[in-house]
Amino acid sequence: PAETAVSQEIPEEKASGNMDRKLHIGLRINANSNGSFGHADANYNPVMKGSGTDFYPAVSIGKSLSKKWSVQTGFAFASPVNVDTQHPSLSRSYRPSRIPPAAQYSENNLSFDRLYYIDLPLTMQYHLGQKFSVGSGLQLSVLQRVIGEKQRRDYDANNVMVMAQPSNPNPQNITVSDDVNASLRPLDLSWVMGLQYHLTTRWEASVQYQLGLTDITRNSAFGNNSSNHNNFIQAGIGFNFR
């Protein structure tokens, strides 16, 4: 009877282990092709602020549906999009409501250097074998931080600039500015597709293309009908805890 009890317990343990392996939780470090390298002045990453590299963390959660299919979600913090290369004309000038006494008129000049997002992806993964898998799905991105420059210019009656404040604007965090809320949309939706390579049972590398589906600007603020989308390649390496 004792031998019989032992033989019955072993399959239950194996079954429990198989169920645990169907849920995968991992930590990733990602980099974006147009925002993670060579932009130290506009780098406001909480950990790597002011450096020439701008990697950012992400958490991945996957659920196996079968031997070939799985679903994956997660979230990423401070995903950078560099405006200089993505949208070089993303700037605007407008007349403020209050005009200084010494000026005939004034203009506020606003330009964006970098946008930071919180990414929330949801993809379906198809496993080609033990090493490779491909995936595709949608990603919702929430605007987290806006880095840019703002300068007020005062002009006299002859259209000659009499003052610029500040005289040499530098990139700064202008997220809470009303001008930002009137210029940029807080949400962005993208279609994502990518390839994952499983280095070991724990480590994996990935590359992904993100294609923006929505216009990130409010066209009424810029006085045009141009469309600005966030399109870039993302690469990363991750460690799966289970």
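The values are calculated or read from the model by the stated rules, or taken from the named source; none is laboratory data. Quick caveat: nothing in here was measured; it's all calculated off a predicted structure. Virtual Cβ from ideal backbone geometry, glycine too; neighbours counted across all protein chains shown. All accessible areas refer to the heavy atoms of the entire protein, side chains included, with ligands and DNA or RNA removed. Shrake-Rupley method; radii C 1.70, N 1.55, O 1.52, S 1.80 Å.
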Next on the checklist: For segment 122-132, give me the residue count where each residue is open to solvent by 20 Å² or more (accessible area, probe 1.4 Å) and assigned to a strand (DSSP E or B).
Outcome noted: 5
Item to check | Selection from segment 115-146 of residues that are among the aliphatic types (A, V, I, L, M) and either under 13 Å from residue 74 (Cα atoms) or in contact with a helix residue (DSSP H, G or I) (Cβ under 9 Å, 6 or more places away or on another chain) (or both) | outcome: 115, 118, 120, 122, 124, 138, 140, 143, 146
Checklist entry - Within the set of pairs 6 or more residues apart or between chains, which connect a residue that is surrounded by fewer than 15 Cβ atoms within 10 Å (Cβ to Cβ) inside segment 103-121 to a residue that is among the hydrophobic types (A, V, I, L, M, F, W, C) and at pLDDT 80 or above with Cβ atoms less than 6 Å apart? => result 120/75; 120/140
Checklist entry - Under the condition of being among the small types (Gly, Ala, Ser) and over 14 Å from residue 111 (Cβ atoms), which residue from segment 135-163 is surrounded by the fewest Cβ atoms within 10 Å (Cβ to Cβ)? => result 157
Checklist entry - When only residues in segment 56-87 that are farther than 20 Å from residue 190 by Cα and without any contact (Cβ under 8 Å) to a residue 40 or more places away in the chain count, which is surrounded by the fewest Cβ atoms within 10 Å (Cβ to Cβ)? => result 66
Checklist outcome for this item: A careful count of residues in segment 164-199 that are of a type in the set (D, E, K, R) and exposed (fewer than 13 other Cβ atoms within 10 Å of the Cβ) gives 1
Checklist entry - Residues 108, 168, 158: which one is more than 30 Å from residue 73 (Cα to Cα) and in contact with a Pro (Cβ under 7 Å, 6 or more places away or on another chain)? => result 108
Item to check | Residues (touching a residue at least 40 places away in the same chain (Cβ under 8 Å) and of a type in the set (A, V, I, L, M, F, W, C)) located in segment 142-173 | outcome: 142, 143, 147, 157, 162, 163
Checklist entry - Which of the residues belonging to segment 42-55 are in contact (Cβ under 8 Å) with a residue 12 or more places away in the chain and surrounded by fewer than 15 Cβ atoms within 10 Å (Cβ to Cβ)? => result 46, 52, 53
